[in-house]
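> Below you'll find the structure I mean.
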Amino acid sequence: MTPEAAHARARAAGPLPLGAGEPAPPGMMRLAHGDGTGLALPAWPDGATPALLEEYQVAPVNVERSGETRRVLAAALKCCWTDLTTDPWPGTAAPVEDVLSAYRALIGRGDDLMRSWAVGALRRLHDSAWLVVDGGLVRLGPRCAHWPPASHAQLRELVRRLPTGEEDSPGLDVLPAAEPVPDAAAASVAVPEGVDEDLLGPFDERRRAEIVAAFMAVEHAAEPVHEARFAALRDPVLRRALTEMLQRRGRVPVQDRETWTSGYAPETAAETGPTLGEAERAVLVLVLIHSVAIPRAEGLLPADSWLSPFPAQVEELRRHTRLPIGELEAALRILRHAGLVTQVKAGEESGGYTPGPQFHRLTPQARRRLQEELILAAGPHTPLAAAVRANRR
């Protein structure tokens, strides 16, 4: 796998597993376990983080029930970071019950609604690699190793201020308890030095900061950003350096009039391959057919639009899939977390789903390919579908 594909795979599917002694791809940090194996995570230029977007008043990717998710993560940090003289990651394993007890003490309530919120937040944090929940135990996930050392003092103060869960509390039985898993001994984090220094070095401090800010905006903002807000999107010289930074990560800039975002380079996407399971892909096709293809056929959507105000209603999805209800809901949850679908209200109906913000990131080649796939899915026996198959031969 090329370095570009490795970066793209890590972005799409999470931290990359590394074998014993296997180095991290260029531009990626290596999280090593005690047995020599590890994980690879992309390293950000100049040590910046997506928190930089706050300075530019740009909204980051939305997190479902973000308040509850942050509080559960804080409770897990309280339970897993037991030695504040060390770095947070990898910490120690803590029973799920202890984390939920700390969360209950933090919010001051312990009813069934709290349990539902906590379980959902644990799933989201596990799916996004902020936590690892397994066998009734919670660990800090690899993304916690991304916290810059400069933030550790603030995190320590946060942990000290958090209330401790009740010692005699039985907690909530969210996951079955299992035999304790030994903590990762001799874990370490190796951060590469001088990430993109050859590209950023020739610029003065101000222009360098502008390039990094634009990089964070196009990679991590929830919506495309206007070029008027970022000098590196307007200046051709700065934009060239930004484009090269993206290309090293298997990404390309995507422009729509005066707004910019980023997407996967076509050749990198082909090498990376699909990251969604068969059920998730099938459900996504259903959402696209009912929220995009049908309204487009009725003349309600322009031909090049993949964002739709016409939600595919939940009952419609249930009626047109052979998946059990549990698998359908799990697939929709994964698609929501990935930003591929958005849950919306549908008037007086129970609600529905539309394509999510990730569809802003489609390159022209990806748009064309997706258009063809939708034609093949919605009308496989139509003359248009036959023309698509003929062109691919």
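The values are calculated or read from the model by the stated rules, or taken from the named source; none is laboratory data. On a predicted model such as this, the values are computed, not experimentally measured, just so you know. Cβ sites come from the backbone with ideal geometry, for glycine too, and all protein chains shown count toward neighbours. Surface areas here come from the heavy atoms of the whole protein model, side chains and all, with no ligands, DNA or RNA. Shrake-Rupley method; radii C 1.70, N 1.55, O 1.52, S 1.80 Å.
> Please calculate how many Å² of accessible area the chain carries per residue, with a 1.4 Å probe and no DNA, RNA or ligand atoms counted. Write down the numbers at each step before the final one.
Numbers: 20390 Å² over 393 residues.
Each residue of the chain exposes 52 Å² on average to a 1.4 Å probe.
> Using a Gaussian network model of the chain with C-alpha springs under 10 Å, which one of Ala12, Ala102, Ala297 is most mobile by mean-square fluctuation?
Looking only at Ala12, Ala102, Ala297, the biggest GNM fluctuation is shown by Ala297.
> Here's a follow-up. Highest first, please rank the peptides 274-283, 319-328, 109-118 by the mean number of other Cβ atoms sitting within 10 Å of their residues.
Values: 274-283: 16.3, 319-328: 12.3, 109-118: 13.9.
Averaged packing, sorted descending, gives the order 274-283, 109-118, 319-328.
> A further question on this structure: Taking Rh as the Kirkwood radius, which is the inverse of the mean 1/r over Cα pairs, what is the Rg/Rh value for the stretch 220-321? Can you show the working numbers first?
Values: Rg = 17.6 Å, Rh = 16.4 Å.
Using Cα coordinates only, the ratio equals 1.07.
> Could you work out [θ]222 nm for the chain from helices alone, using -39500 (n - 2.57) per DSSP H run of at least four and dividing by all its residues? Round to the nearest 500 deg cm²/dmol. Walk me through the numbers on the way to the answer.
On the way: 16 runs with 166 residues, N = 393.
The helix-only estimate for the chain comes to -12500 deg cm²/dmol at 222 nm.
> With the Cα gyration tensor of the stretch 351-391 in hand, convert its eigenvalues to equivalent ellipsoid semi-axes via √(5λ) and list them largest first in whole Å. Display every interim value, and only then the final one.
Details: eigenvalues 107, 46, 3 Å².
That gives 23, 15, 4 Å for the three semi-axes.
> Given R₀ = 56 Å, FRET efficiency for Ala20-Ser305 by Cβ-Cβ distance, to 0.05?
0.70
> Right, another one. Please list 3J(HN,Hα) in residue order for the stretch 30-39, calculated via the Karplus relation 6.51 cos²θ - 1.76 cosθ + 1.60 where θ = phi - 60°; whole Hz, with x for glycine and proline.
10, 9, 9, 8, x, 8, x, 6, x, 9
> Taking square-rooted eigenvalues a ≥ b ≥ c of the alpha carbon gyration tensor, is the chain rounded, prolate or oblate, where a/c under 1.5 means rounded and, failing that, a/b exceeding b/c means prolate? All intermediate terms of the calculation are to be shown ahead of the outcome.
Working: a/c = 1.80, a/b = 1.21, b/c = 1.48.
Note, shape of the chain comes out oblate.
> Normalised by the number of residues in the stretch 207-331, what is the relative contact order in percent for Cα pairs under 8 Å and 6+ residues apart?
Numbers: 114 pairs, mean separation 21.8, N = 125.
In percent, rounded to a whole number, it is 17.
> In whole percent, what relative contact order does the chain give with Cα contacts below 8 Å and a gap of six or more residues?
Working: 591 pairs, mean separation 62.4, N = 393.
Once normalised by length, the contact order is 16 percent.
> Same structure, new question: Compare Leu16, Leu158, Leu131 in a GNM of the chain, Cα atoms joined below 10 Å, and give the one with the largest fluctuation.
So, out of Leu16, Leu158, Leu131, the one fluctuating most is Leu158.
> Moving to a separate point now. I need the Debye-formula profile for the stretch 92-171: one equal scatterer per C-alpha, no solvent, reported as log10 I(q)/I(0) at q = 0.17, 0.20 1/Å, two decimals.
-0.76, -1.03
> Now for a different question. Per residue, how big is the convex hull of the stretch 1-121 when only Cα atoms are used? Give it in Å³.
Values: hull volume 19.6 nm³, N = 121.
Taking only Cα atoms, the stretch 1-121 has a hull volume of 162 Å³ per residue.
> Ignoring any ligand, DNA or RNA, what whole percent of the accessible area of the chain comes from carbon and sulfur when the probe is 1.4 angstrom? Don't skip to the end; give the middle numbers.
Numbers: 10820 of 20390 Å².
For the chain, the apolar C and S fraction of the accessible surface comes to 53 percent.
> Right, something else. Once amide H atoms are built 1.01 Å from N in the peptide plane, which residues 5 or more positions from Leu131, or in another chain, come under 5 Å H to H?
When sequence neighbours closer than 5 places are left aside, the close amide H contacts are His126, Gly141.
> Another question, then. In Å, what is the Rg of the alpha-carbon atoms in the stretch 290-373, and how long is Dmax?
13.2, 38
> Report, largest value first, the span of the C-alpha coordinates of the stretch 66-107 along each principal axis, in whole Å.
That gives 27, 20, 13 Å along the principal axes, largest extent first.
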